[in-house]
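Structure first, then comments.
The values are calculated or read from the model by the stated rules, or taken from the named source; none is laboratory data. What you are looking at is a predicted structure, and each value in this text was computed from that prediction instead of being measured. Cβ coordinates were reconstructed from backbone atoms using ideal geometry, including for glycine residues, and neighbour counts include every protein chain displayed.
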Amino acid sequence: MLNIVRIWILLSTLLVASGWILSALHQLNRLGYAAVLALAAIGMVFWFKKNKRPVKINFPQARNKFRRRFIRPAPLLFIILAVAAFAGGALYPSVNGDSNAYRIPRVLHWLGEGQWHWIHTGDLRMNIAGCGFEWLAAPLILFTHSYRVIFLINWISFLLLPGLIFSVFTRLGVRPRVAWWWMWLLSSGWCYVFQAETDINDSFAVIYALGSLDFALRARKSGRMGDWWLSLLCAALLTGTKQTSIPLVALWGIAVWPGFRPMWLRPKRTLSVIVIALMISALPLIVINLSHAGNWLGISREAKTSTWGWTNTTLDSPFWGIVGNTFCLTVQNLKPPVFPMAGAWNTAMQHFLQTPFGSHFTSFESFAWVDNGTRESNAGIGLGICLITVLSVVWARKFKSSPDVHIVRETGAMEWFLRMAPWGLLLLFMAKVGTYQNARQLAPYYVFLFPSLLVAPGQVRLVRQAVWQRLACAVMLVAVLLLISSRAHPLFPAQTFFGWLQEKYPQSKIAARLAVSYSTQSFVQTQMNCFQNDLPSSETNIGYYSTFNCVAEPGLWQPFGSRHVERILPGDSPAQLRLQSIRYIVVDEQALLDSKQTVAEWLQMYDAELVKEAAFMTQWEKPLRHLYLVRLR
């Protein structure tokens, strides 16, 4: 497993670095990636030849080892989760709002121009957000002409999660038996399970965070230069995923600081690795954001002038940020998987913000907002793991003085700091981040909070209790059931069943709501494909007048490689559009509302005519949302 982790880190490094390099050379295309992959393959051949490491696999032995390891209930449940996640990702395209609104489109814009570039758009996320996930996705989209396979990035990361958790936990003083149980249990956390079948980009960063700490601790013990360098690359990759993940690099800093000198035993190679690490880190994007926006986050200057509703989620007060996030994160992680009272709860929170005490939390994007269900865009570590964690901490105290409890391995001050530092980083996160989906964005942090709770001597005796083991497996089984019944990727004929239920009970609001809830796939796919038959194949440049929360753009790029989409802002004149050879434009109703225009006024302003109109349901009992296909005269 460790060799697979090394390969994944090196592959991630190659793809992120090549993305920036090919962009600088204006060769972000198939030929450029083919050259990079060919050079990488040649380098691997020479490396194996020089080190004389032939790959030998004893398949019968590997099969028997796999069978012995995964015949137990907890590993078996993890395998079921992995298979279900793969099936969900392979059977269904992405319907995630962020992915279709900016994550996939930004990659398509880069590939369309043959380089990374500052995109002409009102959605700042397309330019200022971390690029780590997108650089891994770019060659997949480029060579397959599809974004259906992007979920493999998260799925592979999910497979690596248990082994890395075990390795890091045992190095921080957690007993092997305890670490063994919790590596499976934590891997079934809802944020990891749901994201494993999608292209959302929070949980995959935990592999880089765990890898940076694991390889650093390995290097301290073995002195191997390769482990030092891999830890540095992991830390750099972590910073390039999301700005909210950057604080986790502090754990790597604690692990390497007392013994970083061995890295300079080979100064030339170390300097080369440092250069590569800077290239794959957040540094390139920080420099770009500073040059375009005057701020390393890229928000401050444009957020004040942007027409459409980018919400600056930097909190006004760190103190009230910690207080508010303590409440928000608790609510989001303890929310049951089905919460019919979400509407009433959200209304109550809106009223609370109008009170003198609630006014302290108005800088949050949507304070304590919750959804009526659990999915990849809102899931935290999960109610089950939260409850079993509290129960385990309390229950383990019963065995604290038991004579047959193993003595916890003595650890030094550094291990103690590494166990406690994540709680300080959690406070930093809560002081700064005010999004309504912060439980999801905390995915890379969760696993590091547990070693400090699991080093207690009583935990060794506790995990041997049959009742606790059944409870742990029950928590994992709930995750399996939730994944199978996912609204976006159901692994049963959901639309057929709930359609039949709605026909049988036409007056039932519950049946109607379930049918709408499980129609998420069809709603999103209809938006992306609604104008495919109305756009002439000769039109290679399509305009897109949209707010930052519309998901139709990926469909407008189809067929991939032969069509280009240009974002249109309110200040763009009709003459500019004609100079870009744009004749057909897809107009989002929400963008018209944000610009305080009617579709008739917009058509008159741009001297255009309406070709087709489409309406979509986005939420239960909400007004239909409209898209308009227009043609410039």
Test: residue 290 is surrounded by fewer than 17 Cβ atoms within 10 Å (Cβ to Cβ), assigned by TED's automatic domain parsing to the domain that holds residue 15, modelled with pLDDT of 75 or more and not in a loop (DSSP other than H, G, I, E, B): no
Test result for residue 84, at pLDDT 90 or above, touching a Leu at 6+ places or on another chain (Cβ under 6 Å) and assigned to a helix (DSSP H, G or I): yes
Candidate set: the range 488-531, residues that are under 29 Å from residue 589 (Cβ atoms) and among the charged types (D, E, K, R); chosen: the one surrounded by the most Cβ atoms within 10 Å (Cβ to Cβ): 513
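Sort through 501, 491, 514 and tell me the only one that's closer than 30 Å to residue 381 by Cβ, part of a helix (DSSP H, G or I) and among the aliphatic types (A, V, I, L, M).
On the way: 501 fails: closer than 30 Å to residue 381 by Cβ; 491 fails: part of a helix (DSSP H, G or I).
Within the list 501, 491, 514, the selection yields 514.
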Which listed residue is among the aliphatic types (A, V, I, L, M), farther than 17 Å from residue 444 by Cβ and surrounded by fewer than 24 Cβ atoms within 10 Å (Cβ to Cβ), from 141, 156, 150: 141
Residues satisfying the stated conditions in the range 168-177, i.e. in contact (Cβ under 8 Å) with a residue 24 or more places away in the chain, under 17 Å from residue 214 (Cβ atoms), not in a loop (DSSP other than H, G, I, E, B) and not aromatic (Phe, Trp, Tyr): 168, 171
Out of 77, 111, sole residue that is touching a residue at least 24 places away in the same chain (Cβ under 8 Å), part of a helix (DSSP H, G or I), assigned by TED's automatic domain parsing to the domain that holds residue 180 and surrounded by fewer than 23 Cβ atoms within 10 Å (Cβ to Cβ): 111
Residues within the range 617-633 that are touching a helix residue (DSSP H, G or I) at 6+ places or on another chain (Cβ under 7 Å), surrounded by fewer than 17 Cβ atoms within 10 Å (Cβ to Cβ) and modelled with pLDDT of 80 or more, tallied: 2
Residues of the range 543-598 satisfying the condition of being of a type in the set (Gly, Ala, Ser), over 21 Å from residue 617 (Cβ atoms) and outside any loop (DSSP other than H, G, I, E, B): 543, 575
Flag if residue 187 is among the small types (Gly, Ala, Ser), closer than 24 Å to residue 433 by Cα and touching a residue at least 60 places away in the same chain (Cβ under 8 Å): no
Index of the failed condition, residue 476 passing every other in (1) under 30 Å from residue 393 (Cβ atoms); (2) surrounded by fewer than 19 Cβ atoms within 10 Å (Cβ to Cβ): (2)
Total residues in the range 300-316, condition touching a helix residue (DSSP H, G or I) at 6+ places or on another chain (Cβ under 7 Å) and at pLDDT 60 or above: 2
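Determine whether residue 573 is hydroxyl-bearing (Ser, Thr, Tyr), over 20 Å from residue 99 (Cα atoms) and modelled with pLDDT under 85. Give the steps one after another, and end with the answer.
Details: hydroxyl-bearing (Ser, Thr, Tyr): yes; over 20 Å from residue 99 (Cα atoms): yes; modelled with pLDDT under 85: no.
Spelling it out, it is not the case that residue 573 is hydroxyl-bearing (Ser, Thr, Tyr), over 20 Å from residue 99 (Cα atoms) and modelled with pLDDT under 85.
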Looking only at the range 456-493, and only at residues there that are touching a helix residue (DSSP H, G or I) at 6+ places or on another chain (Cβ under 7 Å) and of a type in the set (S, T, N, Q), the one that is modelled with the lowest pLDDT: 486
Residues located in the range 203-217, provided they are out of contact with any Lys or Arg (no Cβ under 9 Å at 6 or more places or on another chain) and not in a helix (DSSP H, G or I): 204
Selection from the range 415-430 of residues that are surrounded by fewer than 19 Cβ atoms within 10 Å (Cβ to Cβ), of a type in the set (Phe, Trp, Tyr) and either at pLDDT 95 or above or under 30 Å from residue 361 (Cα atoms) (or both): 423
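Being closer than 30 Å to residue 340 by Cβ and either in a helix (DSSP H, G or I) or among the polar types (S, T, N, Q) (or both): is that true of residue 525 here?
Working: closer than 30 Å to residue 340 by Cβ: yes; either in a helix (DSSP H, G or I) or among the polar types (S, T, N, Q) (or both): yes.
Criteria met by residue 525.
Per-residue answers, yes or no, for (1) of a type in the set (Lys, Arg); (2) under 30 Å from residue 90 (Cα atoms); (3) in a helix (DSSP H, G or I); (4) out of contact with any Lys or Arg (no Cβ under 6 Å at 6 or more places or on another chain):
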residue	(1), (2), (3), (4)
143	no, yes, yes, yes
146	no, yes, no, yes
155	no, yes, yes, yes
163	no, yes, yes, yes
166	no, yes, yes, yes
179	no, no, yes, yes
Hits in the range 11-34 (condition: touching a Leu at 6+ places or on another chain (Cβ under 9 Å), surrounded by 14 or more Cβ atoms within 10 Å (Cβ to Cβ) and either in a helix (DSSP H, G or I) or not assigned by TED's automatic domain parsing to the domain that holds residue 117 (or both)): 12, 13, 14, 15, 16, 18, 19, 22, 32, 33
Selection within the range 361-414 - touching a Gly at 6+ places or on another chain (Cβ under 6 Å) and either modelled with pLDDT of 90 or more or crowded, with 20+ Cβ neighbours inside 10 Å (or both): 361, 364, 381, 382, 385, 396
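Scanning the range 361-401 for residues that are hydroxyl-bearing (Ser, Thr, Tyr) and assigned to a helix (DSSP H, G or I), which turns out nearest to residue 100 (Cα to Cα)? Write out each step before concluding.
Let us first name the residues in the range 361-401 that are hydroxyl-bearing (Ser, Thr, Tyr), namely 362-363, 366, 374, 377, 389, 392, 401.
Subsequent filtering for residues that are assigned to a helix (DSSP H, G or I) retains 389, 392.
Numbers: 389: 35, 392: 40 Å.
Only one residue fits best here, namely 389.
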Qualifying positions in the range 320-360 - loosely packed, with under 14 Cβ neighbours inside 10 Å and either in the same structural domain as residue 190 (by TED's automatic domain parsing) or assigned to a loop (DSSP other than H, G, I, E, B) (or both): 336, 340, 341, 354, 355, 356, 357
